[in-house]
1. Any residue in region B:341-352 that is closer than 26 Å to A:Ser58 by Cα and either open to solvent by less than 10 Å² (accessible area, probe 1.4 Å) or within 13 Å of chain A (Cβ to nearest Cβ) (or both)?
2. Answer yes or no: is there a residue in region A:14-24 that is more than 8 Å from ligand 1 (Cβ to nearest atom), farther than 21 Å from A:Ala197 by Cβ and of a type in the set (Val, Ile, Thr).
3. Give me a count of the residues in region B:71-91 that are open to solvent by 80 Å² or more (accessible area, probe 1.4 Å) and either in contact with a helix residue (DSSP H, G or I) (Cβ under 8 Å, 6 or more places away or on another chain) or β-branched (Val, Ile, Thr) (or both).
4. List the strands (runs of 3 or more DSSP E) that sit entirely inside region B:79-141 and contain at least 3 residues that are farther than 27 Å from B:Asp67 by Cα and in contact with a Leu (Cβ under 8 Å, 6 or more places away or on another chain).
5. Of all residues in region A:45-62, which are away from chain B (no Cβ under 14 Å) and open to solvent by 10 Å² or more (accessible area, probe 1.4 Å)?
6. At least 1 residues that are of a type in the set (A, V, I, L, M) and within 16 Å of ligand 2 (Cβ to nearest atom) in each: list the strands (runs of 3 or more DSSP E) lying fully within region A:31-109 that qualify.
7. Test A:Glu127 against the criterion of being free of Cβ contacts under 8 Å to residues at least 60 places away in the same chain and at the interface with chain B (Cβ under 10 Å from one of its Cβ atoms), and give yes or no.
Amino acid sequence: MTDALRAEHIFKHFGEGDTLVRALDDVSLTLEAGHVVALLGPSGAGKSTLVKALGLVSLPDTGKIWLEGELVVDDGRLLGSLTELRKRFLGFVFQRPNLIPFLTAQQNVELACEIGETASPRKRARELLEWLEVGHRAHAMPATMSGGEQQRVAIARALANRPRLVLADEPTAALDKVRGRAVMELFQRVAREQGAAVLVVTHDHRTLDVFDELHEMEDGKLGPARAA
Amino acid sequence: MNLAYHDVRHRVGRFVGTSLGIALLFTVVLAMAGIYLGLVDDATILLRSMRADVWVVQQGTRGPFADASRLDPSIVSRVSALPGVTRARAFTYQVLQRAPLAREPGRSLRMALVGLDWPIDRGDGLPIVRGRALRQAHGELVADATLGLAVGDVLHFAREEFRVVGLTKQVLSSGGDAMVFGTLADAQLIADDAPSDAIRAERERRTERLRATDLGRAQPQLEALTDDPEFHPPVLPSPPIAAVLVEVDAPASADSLSRVRGALAAWPDVTAYTTREQEQLLLDGAVEKPRKQLALFSMILVITSSLLIGAVVYMMTLDKTHDIAVLKLMGASTGRLAGMVIQQAWAMGALGFAIAVAIGQQAFPHFPRRVVLTTEATLAVGALVMVISTLGSLLAIRHAIRVDAGKALEG
Ligand SMILES: Nc1ncnc2c1ncn2[C@@H]1O[C@H](COP(=O)(O)OP(=O)(O)OP(=O)(O)O)[C@@H](O)[C@H]1O
Ligand SMILES: [Mg+2]
């Protein structure tokens with residue numbers, strides 16, 4: 001079975017001379033489909049930078065990235081169309097839900113389905129919301145929903161295009177303990193039931209039991225995988 | 001899913017409020033266009049209602065409205081004889097200020113008096129809104145309603161009574177004076193009805209001229225008749241006319257027009273213009289300056305409104321920077337994002353324009369100057385609004401395209 005993501009020898013530097021920051025220093029990583037992986041590490045370790053590099057948001061200086069066996073970044077250069085690759089492979093969940101404020105929950109997900117060109121977007125949006133247990137809030141505007149509800153809608157939205165790789169940068173930072181844990185468990189379900197690889201940046205050590213693998217980052221270097 | 005629509009719906013109050021502001025600007029643009037068209041219409045309505053194909057005027061002048069054109073009346077019959085001419089009529093034109101109203105003796109009226117070639121021309125082409133055209137050779141007038149006269153009003157000129165039998169609407173000279181129409185003979189009678197000193201001087205001139213002729217010397221008793229302003233001894237030259245209005249047999253064919261004009265070009269004493277050319281001369285003279293002014297105003301307004309739409313749409317887009325970043329991470333195409341921005345600009349322009357048209361329909365009839373808004377002019381302003389909206393949204397589109405998708409991952 002091909003890996004959902006493979007990254008080799010990723011480097012990313014910021015600044016130069018005295019102010020040079022090696023945000024990513026020879027990072028290699030493989031994410032398996034159906035696995036939830038946690039990315040841990042102190043502030044400034046380079047976790048967000050790695051997520052952006054893997055999500056093709058901010059490309060690495062050098063290194064190669066494969067998505068589902070397809071080489072998409074070679075020596076820091078993007079191969080293919082960014083919007084196409086995002087539509088085909090990637091789903092993002094942010095620290096804050098970042099729902100489009102002028103669309104209802106249902107419309108937020110439906111829009112993502114439309115952009116991701118999934119068949120019958122309305123039906124799929126409805127199903128995803130039900131699956132994430134926020135079906136009853138489908139017609140609510142984001143401003144009227146709780147943080148936990150919004151984050152569930154945001155996850156539904158990230159799944160709209162059936163991504164092979166879901167990237168989440170501190171998705172529970174704005175939630176309380178109970179809701180935070182519920183969201184982490186959702187990521188586990190996403191990996192198991194939707195068959196996606198899920199990479200979650202987190203500082204919350206109380207929920208690590210949810211993950212299949214843990215990676216620690218420090219000073220731009222990625223430590224070896226260890227079991228939870 | 002239409003993002004522009006949902007966004008606008010989400011903050012409909014703000015959107016409508018802004019559109020209202022823009023609408024006021026567009027109303028002024030519409031008013032400018034309408035006032036200009038009103039000027040043109042005012043200036044040319046007389047010309048058009050005279051229903052002539054060719055205007056024959058004194059050699060080298062630019063017609064009765066621009067210059068003092070004086071032609072010998074015999075030219076009418078000479079022109080009638082030209083092949084291709086179906087009808088030739090005399091036309092006189094004088095601006096005068098008198099106080100002829102019987103029921104309000106003190107009130108002074110300023111008018112442009114036109115003499116129609118009775119009986120061929122009874123003013124049937126005039127836009128008469130009340131009453132009728134002329135039916136008698138003498139003593140009837142058709143006046144423009146802006147003079148404040150009513151059908152049946154009696155005017156005193158040259159110690160005779162003239163009855164207002166018809167009223168026209170907005171038939172004004174390019175100077176804004178109301179038109180009054182009578183038969184040629186009446187018009188000359190009225191024009192010659194100068195104050196008493198002038199009458200005495202004129203009478204003396206006539207007597208002198210009469211004495212200089214064989215007829216006057218042979219029949220001195222004729223001198224008594226010079227008191228009568230209608231008296232035109234046959235040997236005295238008839239009073240001049242301002243123009244000859246010519247109708248050709250096939251007015252639609254350029255061929256027929258140019259044949260008649262070609263013939264007239266050989267005459268040393270006249271210049272001929274088509275109605276179109278007369279219209280153009282009139283517009284060049286009377287409307288040129290206000291047109292430039294209105295055009296300049298409109299230009300400033302157009303620039304202002306595109307800047308305003310631009311600023312508003314830019315602000316709306318700036319507000320959505322984070323949402324746009326999120327949409328980009330979701331894989332939204334540039335076309336979809338630019339579409340959202342430009343559709344909002346169009347919606348704002350269209351709504352503003354619709355409100356402006358509605359305001360205009362209510363307000364323009366109350367303007368002191370006439371505002372004429374043809375469908376074509378309205379559509380042209382509408383098209384301009386769309387161009388303005390498109391231009392205004394360019395900066396916002398640039399911003400949307402440049403938003404860094406990574407912003408979505410931060411905070
Ligand atoms: N755009 C940038 N320009 C310059 N330096 C940057 C930029 N982005 C990140 N860095 C630097 O790279 C290093 C890694 O940053 P990163 O945001 O990846 O850390 P992080 O592990 O996500 O930290 P946190 O847990 O606080 O979110 C930091 O030293 C940061 O200052
Ligand atoms: Mg971070």
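1. Of region B:341-352, the ones closer than 26 Å to A:Ser58 by Cα are B:341.
Those still in the list that are either open to solvent by less than 10 Å² (accessible area, probe 1.4 Å) or within 13 Å of chain A (Cβ to nearest Cβ) (or both) too: B:341.
Yes, region B:341-352 has at least one match.
2. Yes, region A:14-24 contains at least one residue that is more than 8 Å from ligand 1 (Cβ to nearest atom), farther than 21 Å from A:Ala197 by Cβ and of a type in the set (Val, Ile, Thr).
3. 2
4. Values: elements: B:85-98, B:109-116, B:128-131.
Fully inside region B:79-141 and qualifying: B:128-131.
5. First pass over region A:45-62, keeping only residues away from chain B (no Cβ under 14 Å): A:45, A:61-62.
Selection gives A:Asp61, A:Thr62.
6. A:36-40, A:90-93
7. Working: free of Cβ contacts under 8 Å to residues at least 60 places away in the same chain: yes; at the interface with chain B (Cβ under 10 Å from one of its Cβ atoms): no.
Answer is no for this residue.
Okay, residues lined up against (1) within 11 Å of chain B (Cβ to nearest Cβ); (2) open to solvent by 30 Å² or more (accessible area, probe 1.4 Å):
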residue: A:Ser43; (1), (2): no, yes
residue: A:Ile65; (1), (2): no, no
residue: A:Glu68; (1), (2): no, yes
residue: A:Asp75; (1), (2): no, yes
residue: A:Leu99; (1), (2): yes, no
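The values are calculated or read from the model by the stated rules, or taken from the named source; none is laboratory data. Given the structure is predicted, the values throughout are model-derived calculations rather than measurements. Using ideal geometry, Cβ is built from the backbone for each residue, glycine included, and neighbour counts are taken over all protein chains shown. Heavy atoms of the whole protein, side chains included, go into the accessibility calculation; ligands, DNA and RNA do not. Shrake-Rupley method; radii C 1.70, N 1.55, O 1.52, S 1.80 Å.
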